[in-house]
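Engineer: Please see the structure below; I have some questions.
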Amino acid sequence: MLKFFSRRKGQKGFTLIELLVVIAIIGILATIVLVSLNTARQKARDTRRLSDIRQVALALEMYYDDNTGYPADTTANDDDWSVLDTELEASPGYMTSVPTDPGSNTYVYHPDGASANAAQNYVLGATLEDSNNNGLDDDVDAATYGLTCTDPVYCIAP
């Protein structure tokens, strides 16, 4: 008879099968935790994107109050986020630093282009990772000033 899996009287320890079962269970639990963690990270990045865009919009409103217009983009590229770096961080400092996307995407700023000195309207955009995010229900969905705002792009305008 094979006594490979049986223990001798008084012998302490675990069998190979018991150890393999425990390792398999730990592996399955670790996989579930990692998948849940990735989803939580994705939601956190999207939440930060929504918050960043709203904070920039608030700073733009303060800029408008002082300058009777929004920052105009004088470059050929009308989604140049660096325009906001220059205008919102400059004196008097509407923001200490203009945010950047927490992932691999970029934020965009499109002024209306009516004037080279001061825009009267704009649209801000951020691409979300979750196309079912609730924030997409209340945003601008029409193409505005050259920016396509269809979901999963979150856009706001004044």
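The values are calculated or read from the model by the stated rules, or taken from the named source; none is laboratory data. Treat the numbers as computed from the prediction; the structure is a model and nothing was measured. Cβ atoms come from the backbone with ideal geometry, glycine included; neighbour counts cover every protein chain shown.
Engineer: Hey, among the residues in region 122-140 that are surrounded by 13 or more Cβ atoms within 10 Å (Cβ to Cβ) and over 17 Å from R54 (Cβ atoms), which one's modelled with the lowest pLDDT? Steps first, answer last, please.
Structural biologist: If we filter region 122-140 for residues that are surrounded by 13 or more Cβ atoms within 10 Å (Cβ to Cβ), which is where we start, we get 122-130, 133, 135-136, 139-140.
So of that shortlist, the ones also over 17 Å from R54 (Cβ atoms) come out as 129-130.
Values: E129: 90, D130: 87.
Only one residue fits best here, namely D130.
Engineer: Can you spot a residue in region 128-136 that is over 18 Å from A72 (Cα atoms) and aliphatic (A, V, I, L, M)? Even if it seems obvious, please write down each step before you answer.
Structural biologist: Pass one, region 128-136, residues over 18 Å from A72 (Cα atoms): 128-136.
Imposing the further condition that a residue be aliphatic (A, V, I, L, M) reduces the set to 128, 136.
Scanning region 128-136 turns up at least one residue that is over 18 Å from A72 (Cα atoms) and aliphatic (A, V, I, L, M).
Engineer: For region 42-75, enumerate the residues that are charged (D, E, K, R), over 28 Å from N133 (Cα atoms) and part of a helix (DSSP H, G or I).
Structural biologist: Applying the first criterion (charged (D, E, K, R)) to region 42-75 yields 43, 45-46, 48-49, 52, 54, 61, 65-66, 73.
After this cut, where a residue has to be over 28 Å from N133 (Cα atoms) as well, the list is 65-66, 73.
Those that are charged (D, E, K, R), over 28 Å from N133 (Cα atoms) and part of a helix (DSSP H, G or I): D65, D66.
Engineer: Further, regarding this structure: Look at region 103-121 and say how many of its residues are surrounded by fewer than 18 Cβ atoms within 10 Å (Cβ to Cβ) and in contact (Cβ under 8 Å) with a residue 12 or more places away in the chain. Give the steps one after another, and end with the answer.
Structural biologist: Step one: list which residues in region 103-121 are surrounded by fewer than 18 Cβ atoms within 10 Å (Cβ to Cβ), which gives 103-106, 113-118, 120-121.
Filter once more, so that each one left must be in contact (Cβ under 8 Å) with a residue 12 or more places away in the chain: 103, 105-106, 113, 115-118, 120-121.
Within region 103-121, residues that are surrounded by fewer than 18 Cβ atoms within 10 Å (Cβ to Cβ) and in contact (Cβ under 8 Å) with a residue 12 or more places away in the chain number 10.
Engineer: Quick test of your reading of the structure: R48 fulfils all but one of (1) farther than 14 Å from P102 by Cα; (2) surrounded by 12 or more Cβ atoms within 10 Å (Cβ to Cβ). Name the failing condition by number.
Structural biologist: The number of the failed condition is (1).
Engineer: Out of the residues in region 3-40 that are modelled with pLDDT under 90 and charged (D, E, K, R), state the one that is nearest to G103 (Cα to Cα).
Structural biologist: If we take residues in region 3-40 being modelled with pLDDT under 90 and charged (D, E, K, R), then K12 is nearest to G103 (Cα to Cα).
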